There are 4 protein chains.
Amino acid sequence: MGTFIGHISPGFAFLSFGILYSFKFSLLLLRGEKIPLVSAPRPAGFRSCLKRIPIEGVLKLLYGTLAVMAEFFYPPGVYKLILYNKEKPDYPFVHPNEWQHVTMYAHFALSGWVDIINQACLSRRVFLYESIAIAIPFYIEALLLSNHMHGKEQVENSVHTMLLLACFLVCLVLTVELWRPNDPILWFTKTCLVMIQGTWLLHAAFILYKPLTGKPWKDNDMANLMFVINFFCWHIALNILLLLAIFGLTAFWLNRCSRRGRNPAFQRSKETLDFHLEMADGAAPRAEYEKLHAVEEETHLLQECDP
Amino acid sequence: MGTFIGHISPGFAFLSFGILYSFKFSLLLLRGEKIPLVSAPRPAGFRSCLKRIPIEGVLKLLYGTLAVMAEFFYPPGVYKLILYNKEKPDYPFVHPNEWQHVTMYAHFALSGWVDIINQACLSRRVFLYESIAIAIPFYIEALLLSNHMHGKEQVENSVHTMLLLACFLVCLVLTVELWRPNDPILWFTKTCLVMIQGTWLLHAAFILYKPLTGKPWKDNDMANLMFVINFFCWHIALNILLLLAIFGLTAFWLNRCSRRGRNPAFQRSKETLDFHLEMADGAAPRAEYEKLHAVEEETHLLQECDP
Amino acid sequence: MGTFIGHISPGFAFLSFGILYSFKFSLLLLRGEKIPLVSAPRPAGFRSCLKRIPIEGVLKLLYGTLAVMAEFFYPPGVYKLILYNKEKPDYPFVHPNEWQHVTMYAHFALSGWVDIINQACLSRRVFLYESIAIAIPFYIEALLLSNHMHGKEQVENSVHTMLLLACFLVCLVLTVELWRPNDPILWFTKTCLVMIQGTWLLHAAFILYKPLTGKPWKDNDMANLMFVINFFCWHIALNILLLLAIFGLTAFWLNRCSRRGRNPAFQRSKETLDFHLEMADGAAPRAEYEKLHAVEEETHLLQECDP
Amino acid sequence: MGTFIGHISPGFAFLSFGILYSFKFSLLLLRGEKIPLVSAPRPAGFRSCLKRIPIEGVLKLLYGTLAVMAEFFYPPGVYKLILYNKEKPDYPFVHPNEWQHVTMYAHFALSGWVDIINQACLSRRVFLYESIAIAIPFYIEALLLSNHMHGKEQVENSVHTMLLLACFLVCLVLTVELWRPNDPILWFTKTCLVMIQGTWLLHAAFILYKPLTGKPWKDNDMANLMFVINFFCWHIALNILLLLAIFGLTAFWLNRCSRRGRNPAFQRSKETLDFHLEMADGAAPRAEYEKLHAVEEETHLLQECDP
């Protein structure tokens, strides 16, 4: 929907995923863990399957499905699930914007399905499947955005071009991640770009539909176009700060947990990070590193900090 | 030929190659095999040479040659094998579209020749030669497509831009494959993109020459341009599903063969895949892997499942 | 500021950094040293922290902050720290050029802060943080430059396009350097591109605001546009020569120091370089190399050549 | 010079270098040799220096210098070594085309100087210097070509765009070669692209200044633009065939030399190639390979086949 709510809601979705990723990858890095490319074989059965259903996948599925529904049936009373207008003589296509949005959201929902099936139902979780399933909707989004500008005004195009830039960079990062899934630089670049997409969509909703000054941005004013770019640059900086803050918070939280001594697994997190840093510089002998990892048992997010 | 049949026939050709590749690479992956970069030396002699002629190469050669013939002499009675019109005073070039298509098809036919000579006649098969020979026609196709749009209508241009996108990505994948010929991600990306080119050409034939509604798509209607992109996105998703279905079918078929116990080579295929997955995660010791491979003799496609 | 001084001052800043980098990387290469990815843990305390403050970071911070100030308050009496003009009825944005420049300079200043905090305050210096912090302002610069051309004249656009080209290549190099921080080819490519940006901005100031002939460049003259590109090519060659001269000077200076025998650390520099060259060719056994490095103690820039 | 001879002469230069490279790299590949990244230290002295002067470098220097001279002083009586026209009131730039060509040619001549100094005068030949020195003129050429089209006709632009494409791909290959100087795929890609530039410039001279039909190509005829691309595709195929022919010729010649038994070094060339092929497939044990190379003494081009 080319409306205020149609930009606000995907903005919140991207932002919430970005923040979720920030925590997830901060934890992974701080505890020196890696994403396992293929999981160990898992018990079959419906109950153990249900237990393994991932929140991230369910969220993607939910957001995607709701967005598809909203495009077709929101506001209530609207019915846009038609392709042709059969009443006009030359059968013109209708609702092109809605169908483009639906295509986008449906692919994100599909990615959620792949996450759920892969993490819960298959006998092994193969991480590559999820990487591919999330790369495709971003490619689709980039493709649609780059052709979304027919007959629109300059300010709207400029706003969408910036969105396309962030989206295209996410595509690049996700493509490289197919071969390098455990590169922390890529993890955080991706996270930051997804957050930028989120906050930029929120801002875009205000620029295009509810300007704070109450006056719509004029298209023939060069200053407006220049400020669109300027604001986007500020979003980059702000989201990097937000990412840093979340990383710091996670580090602080991990640290406090380990000092309380309730969970010995966390006492090792700081050592592990120090170790990784020394590894990066080639100073620490590999043997010691292996030893460190040999004693590390699997720990899970939800076990943390509970008394 | 800028006609219905001129888009349908290359569409079928690309689609059939895509499906052929799907089966081929699914088998390769499921059985944990690799493409040998250089074959063992082979017996000389005309008969052993004839036996080695590859179906894929012959198909490329056949399709390519037929298409070249069709451009020049189809429908019967037409003769377009001329460059200049010598009757006009300034000798203008004629049939630019036909000559561009011929250039494209001729390079695919050449790629077929290289396949045949390399696989059947040379004393060793060097896989690199075939990789180069198939990359060039796709580059040529991309080059011609990107300059094929002079003086055409918007809908036609939009359709061809999407085709160009798929073609260009195939070029990129084929270029990377020169150095990484045994990367399964690249295998299936390439396969999927070739299938997309195929189904998109089929769809394009209907959009441009036989619209299902019976009314030609109007060029000045923005909705039409947006739906072209939309349909292309759906082709991406559908071809990925088709690829998955073929992969599943191959896995099911391999599995059934191995259970029937007729061909012991297939009993190992599942083990091999499991092994590869564990390798990817670094869990399986390399020594065991070598052992597994040491007992694996060469098996061929046509030996499979016969009683 | 779209003025003579507004192009001269960043020109000098880039050029001085380029020259600083030339000396720094020449020294690193000639002495066979590498940038340590993570430093050893360092003593805490305010005084030892103060001692570690890096000149490069302070310069970036100083230049960046001064430039931001100048955009808003120079020439004296001017006050441009406003976004909206609240007196006009539709609250138009004002000073778009100034705000774009401020965004750019502020990010360079931020990079200076990161350098100072990372090198002086943190318990370990992690080189990656500085690499990211310097890559971002160049990306921001590229983004702003590529949208800086609304409503400008052709010569000005052409000048800025060349600047954008150099800036974009710096971005690429800095991105690759995140993964390969110790590649000498990248070091010198980056250095040369920064120097080109510097000298080109100096030249641009004269082209746009003080043409040497006293007559402004006409925009409708094709020859002018062609000479802009031509001059840029000459800048490439001249900056490569400048880089070579600085490299030669450093080599000569290092050599003289070592011959004077005052600092034994420098006698090893030539051996080390010879060794690296042989290593590159695979001729020198690795064991000898390790030996060479084992005796190498840490040496610092400021210890050099003092009696 | 935007004249017939101004396109024919660089065409011949590129083509002759392409053919020279074809022989050089075919020999390198067939004999299983590699380009040494750094040579052994060489005797000093003026005479031994003179002996080492490379033909390739001298040719580049000669062609480049002659081309620069021709731009300024050809045909005799012309004098174009001026930047400004001081007689006109606003001092306009003159001869923009000539100065762009001079910039291009001068950089190729500089590359020749680097070759000569590096191979003849320095105490060690560092291959990287030559790689950089040849990459720069191609980048300059690409930069100038991409801005060479102001106010020109469509056919001329289309011809130059194809040239730019080949030139840009050479730049990419040369950039990758800085890090991978011994990759045979890159060697032959580069060679082929340089030959394409050569033959295309020859063809372009005829298209633009001496059309074979005697009638100039009309710019408003779409067919002409399409045939420009078409012809370029044929150049790709023809130059690949030319490259293959030269490779075959070299192989045949090496083979005959070795059969005549005059030079035992050549008897090993075929074995070496077979060995490389097996290595590529991982079949040949490395130990045997080392043995093969251990007995291989250095052989030079000019020793070959002499009685």
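The values are calculated or read from the model by the stated rules, or taken from the named source; none is laboratory data. Keep in mind that what you see is a predicted model, and the values were worked out from it rather than measured. Every residue, glycine as well, gets a Cβ built from its backbone with ideal geometry; the counts of neighbours run over all protein chains shown. Ligands, DNA and RNA are stripped out before the accessible areas are found, and what is left, the full protein with its side chains, is counted by its heavy atoms. Shrake-Rupley method; radii C 1.70, N 1.55, O 1.52, S 1.80 Å.
If you take the Cα Rg of region C:41-185 and divide it by 2.2 N^0.38 Å, with N the number of residues, what do you get? Mind showing how you got there, number by number?
On the way: Rg = 18.7 Å, N = 145, 2.2 N^0.38 = 14.6 Å.
Taking N as the residue count of region C:41-185, the ratio is 1.28.
From the phi angles alone, apply the Karplus equation (6.51, -1.76, 1.60; θ = phi - 60°) to region C:193-201 and give each ³J(HN,Hα) in whole Hz, x where the residue is Gly or Pro.
Taking θ as phi minus 60°, the curve returns 5, 5, 5, 4, 4, x, 5, 5, 5 Hz for region C:193-201.
Which residues in region A:109-130 place their backbone N less than 15 Å from a point set 7 Å from the Cα of A:Ile53 along the Cα-to-Cβ direction?
Once the point is set 7 Å along Cα→Cβ of A:Ile53, A:112-122 turn out to lie under 15 Å by backbone N, inside region A:109-130.
If each Cα of region D:120-224 is one equal point scatterer, what is log10 of I(q)/I(0) from the Debye formula at q = 0.17, 0.21 Å⁻¹?
Scattering profile of region D:120-224, log10 relative to I(0): -0.85, -1.09.
Take a quick pass over region D:82-222 and tell me how many lysine pairs come in under 23 angstrom between Cα atoms, counting only ones 8 or more apart or on separate chains.
Close lysine pairs under the 23 Å cut-off: 4.
Beta carbons within 10 angstrom, averaged per residue: use that to sort the peptides B:23-29, D:224-230, highest first.
Order by mean packing, descending: D:224-230, B:23-29.
Chains B and D: how much accessible area gets covered up at their contact, both sides added, probe 1.4 Å, in Å² to the nearest hundred?
Buried: approximately 2700 Å² between D and B.
Quick one: label points 7 angstrom along Cα→Cβ at C:Met69, distances to the other copies in nm, smallest first?
For C:Met69, the other copies' label points sit at 5.9, 5.9, 8.3 nm, shortest first.
Please work out the FRET efficiency for the pair B:Ala44 and B:Asn255, using the Cβ-Cβ distance as r and a Förster radius of 60 Å; give the result to the nearest 0.05. Kindly include the intermediate steps, with their values, before the conclusion.
Numbers: r = 39 Å, r/R0 = 0.66.
For R0 = 60 Å, the calculated efficiency reads 0.95.
So for the pair C:Ile82, D:Glu153, with labels modelled 7 Å out along Cα→Cβ, what separation do we get in nm?
Result for the modelled spin labels: 5.7 nm.
When the Karplus curve 6.51 cos²θ - 1.76 cosθ + 1.60 is applied with θ = phi - 60°, which whole-Hz ³J(HN,Hα) does each residue of region C:139-146 get, with x for Gly and Pro?
4, 4, 4, 4, 4, 5, 4, 6
How large is the Kirkwood hydrodynamic radius of region A:88-131, in angstrom, based on all distinct alpha carbon pairs?
Computed over Cα pairs of region A:88-131, the Kirkwood hydrodynamic radius comes out at 12.8 Å.
Could you run the Debye sum over the Cα atoms of region B:59-110, one equal point scatterer each and no solvent, and tell me log10 of I(q)/I(0) at q = 0.14, 0.18, 0.21, 0.26 Å⁻¹, two decimals?
Debye intensities relative to I(0), on a log10 scale: -0.39, -0.59, -0.74, -0.95.
What's log10 of I(q)/I(0) for region A:96-173 at q = 0.14, 0.19, 0.21, 0.27 Å⁻¹, Debye sum over Cα points only, no solvent?
The Cα Debye sum returns log10 ratios of -0.53, -0.81, -0.92, -1.21.
Expressed as a whole percentage, what fraction of the accessible surface of region D:50-200 belongs to carbon and sulfur atoms when a 1.4 Å probe is rolled over the protein heavy atoms?
70
Put the label 7 Å from Cα along Cα→Cβ for A:Lys215; what are its distances to the other copies, in nanometres, shortest first?
Ordered by distance, the counterparts are at 4.3, 4.3, 6.1 nm.
Please give me the summed charge of the neighbours of B:Met104: other residues whose Cβ is under 14 Å from its Cβ, Lys and Arg +1, Asp and Glu -1.
-2
Which peptide among A:72-85, B:58-71 comes first, and what is the full order, when sorted by highest mean count of other Cβ atoms within 10 Å? Walk me through the numbers before you get to the answer.
Details: A:72-85: 12.1, B:58-71: 18.6.
Going from most to least packed, we get B:58-71, A:72-85.
Which of the lysines could a cross-linker span from B:Lys51 if the Cα-Cα distance has to be under 26 Å and same-chain partners fewer than 8 positions apart are dropped?
The reachable lysines, counting only those whose Cα sits under 26 Å from B:Lys51, are B:Lys24, B:Lys34, B:Lys60.
Give me the accessible area per residue for region A:42-127, probe 1.4 Å, as a whole number in Å².
Per residue, region A:42-127 has an accessible area of 56 Å².
What does region B:1-51 give for Rg and for Dmax, in Å, if only its C-alpha atoms count?
Reported Rg and Dmax, both Å: 17.5, 47.
Using the 7 Å Cα-to-Cβ label point, sort the distances from C:Leu122 to its equivalents in the other copies shortest first and give them in nm to one decimal.
Distances between equivalent label points, in nm: 3.6, 3.6, 5.1.
For region C:168-256, report the translational diffusion coefficient in µm²/s to the nearest whole number, using Stokes-Einstein at 10 °C, 1.306 mPa s, and a Kirkwood Rh over Cα pairs. List each step's numbers first, then the result.
Working: Rh = 15.3 Å.
Translational diffusion coefficient: 104 µm²/s.
Could you tell me what a quarter of the Cα convex hull surface of region D:31-88 works out to, in nm² with one decimal place?
Spelled out: convex hull of the Cα atoms, projected over all directions, averaged, 8.7 nm².
What share of Cα pairs, in percent, lie more than 20 angstrom apart in region D:1-120?
In whole percent, the share of Cα-Cα pairs in region D:1-120 beyond 20 Å is 58.
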